[in-house]
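See structure below.
The values are calculated or read from the model by the stated rules, or taken from the named source; none is laboratory data. Treat the numbers as computed from the prediction; the structure is a model and nothing was measured. We place every Cβ from the backbone using ideal geometry, glycine too, and count neighbours over all the protein chains shown. These accessible areas exclude ligands, DNA and RNA; they are computed on the full protein's heavy atoms, side chains included. Shrake-Rupley method; radii C 1.70, N 1.55, O 1.52, S 1.80 Å.
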Amino acid sequence: MCVDSKMAKVVYQETFDSVVLENVTEFDSPLDEAIDEAIKEFEAQGVHLGIIVKNMRLSEDKKTIVHDILIALEKLRNAADGSPVLEDIQGPLTTFSAQCKVSIAHRVMANNHGAYAVLLKLLKKVQRDPALLGPSLKAMVAMTELNPDILTGEGIQFLMELIEDSKYSDNPTIPEYVARWSTECCLKHEVNRQNLVAAGALGSLVALLQAQKSNSRVVKATSKALRAYTLDDDIRQAFGKAHEHARLLAEEHGLIAISLDMIKDWLQDSDTASELLSTVGKLCVRAEYCQEIVDHGALHVINNVFVSFPDHPAINKQAMSLLKAMVGNDKVKTEAMKSGVSQLIIAAIIKHQAVVGVCEEGFGALSMLALRVPAHAKQIIQAGGGQAIIQAMKIHYNNMQLQKLGCMAIRNIGCRVPENRQLFIEYGVEEVINSALQNHGEPIKDVAKAALRDLDLKVDFVEQWRGTGHEICR
């Protein structure tokens, strides 16, 4: 049975399965061919199959369709209704988690058959048994991925209990998966975020981060969980509270100082340090927070990152991203240039010029450092920043975002300093920008033409409107 929605036709999983089974039994088709034929049949009718599970198997008598995720779920249901033991749930939980990872369709199917309620009931029964709690949490995280609507008030209350309990856990798997569950509940779901904040999640997660600060897996997972509260990614909500949540983390929970102190302890682990740097970057939402970040030694940390991890592009990129956010404060910008960080950024761009992300963040950082400060622009050019930008733009000529950021950096570095403009011309900037315009057109047109104009180069502007001389009719 097909149901016609406003945008597209949809079909129930049972209907799809019955058509596949019919293709097998009536036409003697192999299962994989029967599935392909069913897909073609429904798509020809304009049916949307995005939440239909398409991998399945036949029962031994070949009379029914079997979904492994539902078989595992039924075993978990029986265990949750009784007294769960590891032997009964380990295999079904492993299968369930693996199946949830296959696609969102599997997670929707599981939830349509009551999986959330089953897992929550199971989690409550095994809460005091780490050997059972770990794999049960993993299954809940797997089902919640890109599926945060399933969270209930009961789930929020239980998640908060787990966060509190995890501070004292000696088993790293438990707090890691608790933090990951919190993250999945918050991504693209503003209501969940606000409900969890109201329940005290921010303070509890910060406390968890401190309590488990020597465990890299927990530090990384909890850092991601905290950042999820500073996002504004739910298109269903006109207004979010990302800024307010960042304010709470900075002012009431002291996350800036906590994170920066922890980064210093993790400077030999690039992955963990990178996650903490990213978390600090999300708190750069006010000028006073940027200054607080500097006061707690962020510039020293950033410089140490470039010096300690010259061969790690991911953490170099994250350090640049944090710096770019910090130097929106003009006082911080001056302190940053005095620290010599611009030379380190340029060196990182040159070393990792093949890595798009490093070049993009580097362009952004240099652009912000040079903005409205000619003296900074001169220092950047003298350190080789102009040549580094031009070379990276030549290498990544087909990347629209990099070309756009490159044009912005060129404009900020060159527009107020005549000698910088001349050097850019000698580096071949006109050809590079015109090539970017030719390759990418409208998306970068304004910033590219502005760069050409401010470098006193030839640029064609289209006159948008011309007055005709007629008076306005009243």
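Tally up the carbon and sulfur contribution to the accessible surface of the chain as a whole percent, 1.4 Å probe, everything protein left in place. Carbon-and-sulfur percentage of accessible area, whole number: 50.
In the range 351-420, Cα pairs under 8 Å separated by at least six residues give a relative contact order of 43 percent. With respect to the chain, whose longest principal axis is taken over its alpha-carbon atoms, helix 255-265 is tilted by about 90°.
Return the equivalent ellipsoid semi-axes of the range 37-157 as a descending list in whole Å, where each equals the square root of 5 times an eigenvalue of the C-alpha gyration tensor. Don't jump to the answer; show the numbers that get you there.
Numbers: eigenvalues 162, 62, 22 Å².
One finds semi-axes of 28, 18, 10 Å for the range 37-157.
Note the angle between two axes, namely the Cα long axis of helix 385-395 and the longest principal axis of the Cα atoms of the chain, as a number of degrees from 0 to 90, rounded to the nearest 10. Roughly 50 degrees, rounded to the nearest 10. With R₀ set to 35 Å, the beta-carbon distance separating Lys40 from Ala314 gives a calculated FRET efficiency near 0.25.
Relative to the longest principal axis of the Cα atoms of the chain, helix 442-454 runs at roughly 20 degrees. Note on Rg and Dmax of the Cα atoms in Å: of the candidates (1) 22.8, 79; (2) 27.7, 87; (3) 27.9, 100, the value calculated from this structure sits at (2).
Here the peptides 87-98, 323-334 are ranked by packing, the mean other Cβ count within 10 Å, and the order with the highest first is 323-334, 87-98. The mean sequence separation of alpha-carbon pairs under 8 Å and at least six residues apart, normalised by the residue count of the chain, gives a relative contact order of 7 percent. Stretching Ile71 away from Tyr12 to a fully extended chain increases their span by 19.4 nm, per 0.36 nm per residue minus the current alpha-carbon distance. Only helical runs count toward this figure. For the chain, summing -39,500 (n - 2.57) over DSSP H runs of n ≥ 4 and dividing by all residues gives -21000 deg cm²/dmol at 222 nm.
Solvent exposure of the chain amounts to 48 Å² per residue of accessible area, where only protein heavy atoms count and the probe is 1.4 Å. What is the sum of charges, Lys and Arg at +1 and Asp and Glu at -1, for the other residues whose Cβ falls under 14 Å from the Cβ of Asn171? With Lys, Arg at +1 and Asp, Glu at -1, the net is 0.
For the peptides 404-410, 430-436, the ranking by mean Cβ contacts within 10 Å, running from highest to lowest, is 404-410, 430-436. Highest-first packing order for the peptide set 268-274, 59-65 is 268-274, 59-65, based on the mean count of other beta carbon atoms within 10 Å.
Give the residues of the range 217-253 whose amide nitrogen is closer than 13 Å to a point set 7 Å from the Cα of Arg286 in the direction of its Cβ. In the range 217-253, the label zone of Arg286 (backbone N under 13 Å from the point 7 Å along Cα→Cβ) covers 243-253. Structural descriptor for the range 89-171: relative contact order 36 percent, calculated from alpha carbon pairs under 8 angstrom and at least 6 residues apart. Under conditions of 25 °C and 0.890 mPa s, the range 245-310 yields 207 µm² s⁻¹ as its translational diffusion coefficient, taking Rh as the Kirkwood radius over Cα pairs in the Stokes-Einstein equation.
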